[in-house]
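The values are calculated or read from the model by the stated rules, or taken from the named source; none is laboratory data. These figures come from a predicted structure and were not determined experimentally. Positions of Cβ are generated from backbone atoms using ideal geometry, with glycine treated the same way; all protein chains shown enter the neighbour counts.
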Amino acid sequence: MHEWSIAFMILDALEDLAKSEGLSNVHFVEVSYGSVMELDGSLLKEALTELSKGGSFESVEFSVVEEPTVFRCSRCGNEWEFSHELIEGDRKVLEEGVEESSVHFIPELAPALIKCPKCQSRDFQAIKGKGIRVSRLEGSR
């Protein structure tokens, strides 16, 4: 359920972003996140909508998009998308009665729990879909 705390931080960042873009009225926000974050997109959208009620973003239409996390191996150059099947020895975390992957809470753990499917190296980088960002912001000045 940390989608709610993430939504709170996104709304806080949106205040600064709207000001820096010179927008007095924001009407659409698209948030993109990498699949390695293992977020519940519908819950994140609900949290954004609910937390914005009574504030300056109350009338904003929110869109939440999951993008694939892509890794590149530093040893062999192989590129692959994140998948649960590649996680080894993951210690589950119990959150409100539901077991969640530790990568869900700390995506930076991926290199400790995943190997390159081609050469088995743990020396790789996330080259796409490695965080959360406002990918689209629409409004008026």
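Data table
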read-out: Cβ-Cβ under 6 Å pairs, at least 6 apart or on other chains, segment 45-61 side within 13 Å of ILE6 (Cα to Cα), far side in a helix (DSSP H, G or I) and of a type in the set (Asp, Glu); value: ALA47/GLU3
read-out: Some residue of segment 91-110 being of a type in the set (A, V, I, L, M) and at pLDDT 95 or above; value: no
read-out: Residue match in segment 15-38 (condition: at pLDDT 95 or above, touching a His at 6+ places or on another chain (Cβ under 9 Å) and over 17 Å from ALA126 (Cβ atoms)); value: no
read-out: Qualifying residue in segment 58-80 (condition: in a helix (DSSP H, G or I) and either surrounded by 12 or more Cβ atoms within 10 Å (Cβ to Cβ) or at pLDDT below 95 (or both)); value: no
